[in-house]
Every structure is written in C-alpha cells, then in structure tokens.
Amino acid sequence: MQIIVFGSGAWGTALSLLLHGNGHRVTLWSRREEKAALLRGKRKNPSLAGVRLPADLEITADITAAERAEMVVFVTPSYALRQTAELAAPYIRPGTVIVSATKGLEPETNLRMSQIIRQVVGKDCPVAVLSGPSHAEEVSRRMATGCVAACEDMATAELVQSVFMSEMFRVYSSRDVAGVELCGAVKNIVALGCGIIDGLALGDNARALFMTRALAEISVLCKKYGADPVTCYGLAGMGDLIVTCTSTHSRNYRAGLFIGKGAPAEQALQEVGAVVEGYYAARSIRELAMKLEAETPICQCIYEILYEAADPETELRALMTRVGKSEVIF
C-alpha cells in the first residue's frame, strides 16, 4: 500500500519505519524543506538516536505527494493538525483511508483530532485513530507494544489493524473513536501529575493512587461524553496511562518532574524542549468537563498548577482531603 505520513517528529518517523518494515511504500512528509533535506541526507532523525532510516523511505516537504497515497497518516502535534490537514486536503483523493495518530484536543474548539480531519478533509474519507502505549524511541527499535485502531466503521478499523500490525506491534480494533481519543488526551494531563508527584518525592503509593483515581475520572468523562467507559481499561486508556506516567521517555512526565522540583510551568516546558501535549489538554479538558458537568478533580488540580500558578503540594494535599466517596462510580 502507498502511505504518506504527515509529521516528521519522533512518532511520525517511528510509524514510518514500522509501516516500511511491514512492506508498504512509505513517504514521510516534513513541513520544512530544511528538515526533509536533513533527514534525506543523514538518514536519521535527531529525536531517535541510533536509528537508521532506510534508503528507500521517501522523505519530502512536497504536500502534493498526498495525491499518490492510498492511506494518509497524520502524526503532527495537536496544535498543528488543522493547518496540516488544510494544506493536504486538496491533494487527498476521495475515499482515501485517513488515520490520526495525534493525541489531544484542539484549543478553543475542544474538537478531537478525528473531528478536525473530518471537518477539513471531507470527501467521504473514512477516518480512524491509532492510540496506545507507544513511545517512539521503542517502536523505532522494534520493541514490542500494542495499540488500538478505532473507527466507527469496523471494516476500516480492521484494515488499519492489518496495515500496522507486525510481530512487534500488536493492534486491536475498536469502534469507540471518542473513547480512544479522550483517553489519549487526558492521560497526558495525568502524566504531568505523576511527574509532579515524583518531583516532590511523595512516593510510589501516591503515584499509584493518583493514576488509579485518574483512570476512574477518565471513565466518568467518557460516559458523560457518550463514549464507552470500558475503553478506559484497555490499551488506549490504562495501557497508555501506565507507560506515559512512569517513563522518562514521556515529555509530559518530564515536565511534571521539573514542576515538582520547583520550576514554574513555563520553565518546565522550555526545559523539556519539545511539545508537552498535556499542557494544552489541561485547558481543553477543563472546559469540556465544565460543559459536560463532569466531576474531574484531578484534571482541575493539574490545570490550576499549570495555569494559575497554584502550589503543587497544596493542590495534591487538597485532593487527599476531599470528602470520602465510594470507589464504585457506576
């Protein structure tokens, strides 16, 4: 299959390598010609140290390359998805399968990534999402993981499953697009919180408590949104939550670690030196929760630390002293 991957960051490059290894003809698109030329010349991405890009992996900054694609994969940061989709839309053929591997919600509109793609591209193109515990650093080195391919049309979900599946990249199918995307957005907020907990040296028990209750919070949000809460306990929810909240590969976790050690949010973002999706998601999820009248104290706590300069230790203590509740929420 002829596939174009929009987004030449670590994750876009890792997915290009995966798809190339599966025998597909892959084009990796970069927004900037300078970066495309660098990748073509050196055959490596600075974000993936030690990983070689195959000689027959096409790398371009030419947006018209989308005209040849049978499948389009968007792997840009969430804030850049709409602009990239608008650039690509005139060259995407009607009926082309589109996959979003971007996690987050659009600021201001709070639209999910698949909703932006549908809105911009149209053309009766089926849109699927791919999500799960998948650090680019490990996927690019063919280390084992599993993800979920979700589409309301199960035949499309299964097609995406077959295209991405390999002996080291297991893919499951789902119809719950909204649940998969919400999990992918909120887990980045939780990872920031886990980094803060570790930065404050509050211990493993506190981190486990935070993650577990955050998962319950995500399921409440999913139910209010009309998604399937069960999705939260699969790879897109619990699986991605575990890997993002416990690994220094995670930019969100690392940003939280800086904050827990005393850095203001803006400084923490600069220290990480790359997009921290949880920072943007915290505002969007807060707005969505208010709209849905969903109780999300953990997401609210992280929002106040990030945007209102609240003291992290005070905010986490406030979570501990909330009125007692039943653990069962449904």
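Between the C-alpha center of the range 1-78 and that of the range 87-130 there is a gap of 18 Å. Looking at the range 5-162, the DSSP beta bridges with both ends there are about 20 percent antiparallel. Magnitude of the charge dipole for the range 19-156, about its Cα centre and with charges confined to Cβ atoms of Lys, Arg (+1) and Asp, Glu (-1), is about 500 debye. Across the range 192-277, C-alpha contacts under 8 Å between residues 6 or more apart give a mean separation that, scaled by the residue count, equals a relative contact order of 40 percent. Cross-link partners of Lys325 among lysines, defined as those whose alpha carbon lies under 30 angstrom from its own and excluding same-chain residues fewer than eight positions apart: Lys187, Lys223, Lys224, Lys291.
Build a GNM of the chain with springs between Cα atoms under 10 Å apart, and of Asn45, Asn22, Asn205 the one that fluctuates most is Asn205.
Using heavy atoms of the protein chains and a probe of 1.4 Å, the accessible area assigned to Glu217 is about 20 Å². Put simply, when 239-252, 23-36 are sorted by average Cβ atoms within 10 angstrom per residue, most first, you get 239-252, 23-36.
With each label modelled as a point 7 angstrom along the Cα→C-beta vector, the Arg213-Arg170 pair spans 3.2 nm. Apolar share of the accessible surface for the chain: 51 percent from carbon plus sulfur atoms, 1.4 Å probe.
Is the C-alpha gyration tensor of the range 1-64 telling us rounded, prolate or oblate? Criteria: a/c under 1.5 is rounded; beyond that, a/b larger than b/c is prolate, otherwise oblate. Oblate, since a/c reaches 1.5 and b/c is not below a/b. A crude spin-label estimate for the pair Thr64 and Asp153, with each label 7 Å from Cα along the Cβ direction, gives 2.8 nm. Using just its DSSP H runs of length 4 or more, each adding -39500 (n - 2.57), the chain gives a mean residue ellipticity at 222 nm of -15000 deg cm²/dmol after division by all residues.
Remark: accessible surface ordering of Met290, Met211, Met238, Met113 (largest first) is Met290, Met238, Met211, Met113, probe radius 1.4 Å. Projecting the Cα atoms of Ser140, Pro90, Thr244 onto the charge dipole of the chain (Cβ charges, centred on the Cα centre) puts Ser140 farthest toward the positive pole. Taking all protein chains into account, the per residue accessible area for the range 170-273 stands at 39 Å² (1.4 Å probe). Stokes-Einstein at 25 °C, 0.890 mPa s, Kirkwood radius from Cα pairs: D for the range 28-130 in µm² s⁻¹? Roughly 169 µm²/s, to the nearest whole number. In this Cβ point-charge picture (+1 for Lys and Arg, -1 for Asp and Glu), the range 172-311 has a dipole of about 200 debye about its Cα centre. Accessible area per residue for the range 1-89, computed on protein heavy atoms with a 1.4 Å probe, is 41 Å².
Apply the a/c threshold of 1.5 to the C-alpha gyration tensor of the range 187-238 and tell me whether it is rounded, prolate or oblate. Prolate. Accessible area ranking (1.4 Å probe, heavy atoms, ligands and nucleic acids excluded), largest first, for Arg142, Arg207: Arg142, Arg207. Accessible surface area normalised per residue over the range 103-156 is 38 Å², counting heavy atoms of protein chains with a 1.4 Å rolling probe.
Dipole magnitude for the chain: computed about the Cα centre from +1 point charges on Lys and Arg Cβ and -1 point charges on Asp and Glu Cβ, it is near 600 debye. Have a look at the DSSP beta bridges in the chain and tell me what percent are antiparallel, nearest 5. Of all bridge pairs located within the chain, approximately 15 percent are antiparallel.
The values are calculated or read from the model by the stated rules, or taken from the named source; none is laboratory data. Here the structure is a predicted model, which means the values were calculated and not measured. Note: ideal-geometry Cβ built from the backbone for every residue, glycine included; neighbour counts use all protein chains shown. The area values use the complete protein model at the heavy-atom level, side chains included, leaving out ligands, DNA and RNA. Shrake-Rupley method; radii C 1.70, N 1.55, O 1.52, S 1.80 Å.
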